[in-house]
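Notes to accompany the following structure.
The values are calculated or read from the model by the stated rules, or taken from the named source; none is laboratory data. Fair warning: this is a prediction, and the values are worked out from it, not measured in the lab. As a convention, Cβ positions derive from the backbone with ideal geometry for all residues, glycine included, and neighbour counts pool all protein chains shown.
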Amino acid sequence: MPQNTLPPTRDKLLFTPGPLTTSLSVKQAMLHDAGSWHSEFNTVVASIRERLLALAGVSRAAGYECVLMQGSGTFGVESVLASVVPHHSKLLILSNGAYGERMILMAAAMRMPIVILRTAEEEIPTAAAVREILQRDPEITHVVMVHCETTTGILNPIAEVGQVVHECGRQFILDAMSSFGAVPIDFSAIPIDYLISSANKCIEGVPGFSFVIARRSALLATEGIARSLSLDLLGQWKGFEKNGQFRYTPPTHSILAFQIALSELEAEGGVVGRASRYAENHRVLCEGMARLGFQAHLSPSVQSYIITSFHFPKDARFNFMDFYHRISEKGMIIYPGKLTKIDCFRIGNIGRLFAADMRQVVRAVEEAVTEMGIALPLPKEGF
Ligand SMILES: *Cc1c(COP(=O)(O)O)cnc(C)c1O
C-alpha cells in the first residue's frame, strides 16, 4: 500500500471531512494547463462522466446520466434542488445535522415551499415517519436526505426511506457527498432519482466540482424549472451533450487530478476496496481513542466509518484551540465539532490515510492531552 511520502516538506495530514489529504500522483496531475475547449480535455470530461456512472453501478444504457457542476458540494446540492423541484410543489427535507439544515437555508433562499422532518443529531429518521408525512401531504413531490451526515458521522437509512418514497410515488434526492465511492450504494435496490457527491471526498480528488447521477427520464422532465442560470442542471447536461463542454470555465486542474483519483480508486478495488481501508482506519482510531478514555458521541449502531465525533475531556484544563494547535504542530489537522448542543471534536478517516496514520493521530492526541496536564486515561463519563 503506498504511504504518504512527501518528505522533507510534507504537508500536514488532514483528518477532516474534505478537502482531504490526496496522493502525490493526484497532486502531480495538476501540473498542466489544459485547453478547456480542446478535444483532449473534453475526452477526459467524457470519460469521467462514464466512469462515475460505472462507479455507481449504472450506465447510460440503463437510463442514467452524469452531470458535472463547477463549485463545491453545496453548489451541486443547490443545483439539484433549484432545477428539479417544480414551482408549484413541495420538497420534504430530512435533517439531522448541519448539511440537512443547509438545504433548508437553500430552500428559503429560493422561496421554495418545504416540509421538514427533523430528528436529533444522534438519531436516524424512520421510514414510517416519512410515509406518514407523504400520505398526509400530496403537494410533496420530492424528498431529499443526507446519506452520511458529516456533522456527526451518522449513517442515515437510505434504503428504507428510498423504498417508501418510491412506494408513495415521489422522487428521491440523495446527498451522498461524504459516502459515495466508499460506502456501497445499490441503485438497483434503492430507487434514487438524483445522487449528489463531490470531487474532494471519498474519491480523493481535489476541490473544484461536484457531480450528479440522475435518472435520465426524471432529468429530462425538468425542462423550464431551473431557478438559476449557472446552476441549471438540465442546462448543464445539454451543454455536455451538445459539445462535450462545461458551459462556463471548467476547473481544469481539478478535472485532471480527478481522472487520476478515479484510477487510484479502481486500483484499490473500487468501492469495496476503499470501504475496507476506511473501515480499518475507523477501527484503529476508535480502539486507540477508547484506550485513552475518549467517548465517541454516537452509538456504534449508527456510526459510519467516515468520520467520528468525540466528546471534549471533562477537565477545566482542556481547551480546544490549544489542543488543535498542539496536534497541528505535530503535523496533523483535526476538525472542530459541528454539534449544536455538545462540545465535540471530529477525526475523519477519509482521504489518502492509512492505519499507520490513524495510530499517529491517536499518539498526537495522547501527547497533546498529556502536555495540557490532563491524566490519561480519562475518567469514564457518567450518564
Ligand atoms: C461536504 C459535504 C457537503 C458539501 O460541502 P462543501 O463544503 O460545499 O463541499 C454537503 N453535504 C455533506 C453531507 C457533506 O459532507
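At a glance:
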read-out: Residues of region 30-85 that turn out to be surrounded by fewer than 20 Cβ atoms within 10 Å (Cβ to Cβ), within 15 Å of the ligand (Cβ to nearest atom) and of a type outside the set (V, I, T), as a count; value: 3
read-out: Condition check for A176: within 12 Å of the ligand (Cβ to nearest atom) and of a type in the set (A, V, I, L, M); value: yes
read-out: Cβ-Cβ under 8 Å pairs, at least 6 apart or on other chains, region 63-75 side in the same structural domain as V44 (by TED's automatic domain parsing), far side more than 16 Å from the ligand (Cβ to nearest atom) and aromatic (F, W, Y); value: Y64/F187; E65/W237; V67/W237; V67/F240; L68/F240; L68/F246; Q70/F246; Q70/Y248
read-out: Single residue of V165, V183, V212, V146 found to be touching a strand residue (DSSP E or B) at 6+ places or on another chain (Cβ under 8 Å) and more than 15 Å from the ligand (Cβ to nearest atom); value: V165
read-out: Of all residues making up region 75-89, the number that are under 16 Å from L174 (Cα atoms) and touching a strand residue (DSSP E or B) at 6+ places or on another chain (Cβ under 8 Å); value: 8
read-out: Residue match in region 113-123 (condition: of a type in the set (S, T, N, Q), within 16 Å of the ligand (Cβ to nearest atom) and at pLDDT 95 or above); value: yes
read-out: Exclusive hit being surrounded by 24 or more Cβ atoms within 10 Å (Cβ to Cβ) and among the polar types (S, T, N, Q), set S217, S198, S228; value: S198
read-out: Pairs, first more than 19 Å from A375 (Cα to Cα) in region 282-298, second in a helix (DSSP H, G or I), C-beta under 7 Å, six or more apart; value: V284/A355; V284/M358; V284/R359; L285/M358; L285/V362
